[in-house]
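Here the structure comes first, spelled out in structure tokens, and everything after it is commentary.
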Amino acid sequence: MTLTKNKFGVLFSLTIFTCLWGIYLFLIKSKDPNEKYLFGECLLDYKYHMPLINRNNELDYEKCFDGWSLVHLGGYIITGILFPNEFLFVLLLSILCEIGEIIIKSRGRLSDVIINSIGYMVGTLLSSYIKIDIDIDDEYNNFIIPCIILVIFVFYKISKKRKNDLDKLEIPTWKE
């Protein structure tokens, strides 16, 4: 698979969103893993509960569309507007991200892959009405490895935090 400028734009955009996730978890979210937090509240109940792999690597079921789902939707709409027509690449990255979340003892949510896909498709559709042309320099290949290293670093730091919080969790595993 060739990494085109558009695919690099997707990768770069999602790297920024991953870093914002890390900043939120380390600088804004309460240190108490059981305390209510900004993105954890349910916004809409699911008619059918969505499967997820919780921090204990157990199959569990997510019961609602929460603030994190909204963040995913917004981030992928923006990515679709800026870097449209890379659906399979976005789908692959979404699946890899959820696998990464399982590895770092976060929640691997099927709903995230679905919401990411919907958000990206909406963004791609909107891109034909919202013309934003981002000119990526021909040297973009020089930034691929730093993007990947940055994402791995953020996941590593979150993994350490998650492992420390695991023993203190008292909230339902689908809502962590």
Considering each of Ile77, Ile102, Ile81, Ile118 in turn, give the residue that is assigned to a helix (DSSP H, G or I), of a type outside the set (D, E, K, R), in contact (Cβ under 8 Å) with a residue 40 or more places away in the chain and in contact with a strand residue (DSSP E or B) (Cβ under 8 Å, 6 or more places away or on another chain). Ile102
Boolean, Ser94 is surrounded by 18 or more Cβ atoms within 10 Å (Cβ to Cβ) and part of a loop (DSSP other than H, G, I, E, B): no
In segment 31-59, the residues that are under 20 Å from Ser159 (Cα atoms) and not in a loop (DSSP other than H, G, I, E, B): Leu52, Ile53, Leu59
List pairs: first in segment 29-42 and closer than 15 Å to Asp165 by Cα, second in a loop (DSSP other than H, G, I, E, B) and modelled with pLDDT under 80, Cβ under 6 Å, 6+ apart or cross-chain? Lys29/Tyr37; Pro33/Lys168; Pro33/Leu169; Asn34/Glu170; Asn34/Ile171
Options Gly80, Gly67: the member that is closer than 21 Å to Gly22 by Cα and among the small types (Gly, Ala, Ser): Gly67
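The values are calculated or read from the model by the stated rules, or taken from the named source; none is laboratory data. Since this is a predicted model, take the numbers as computed values, not measurements. Positions of Cβ are backbone-derived with ideal geometry, glycine not excepted, and every protein chain shown enters the neighbour counts.
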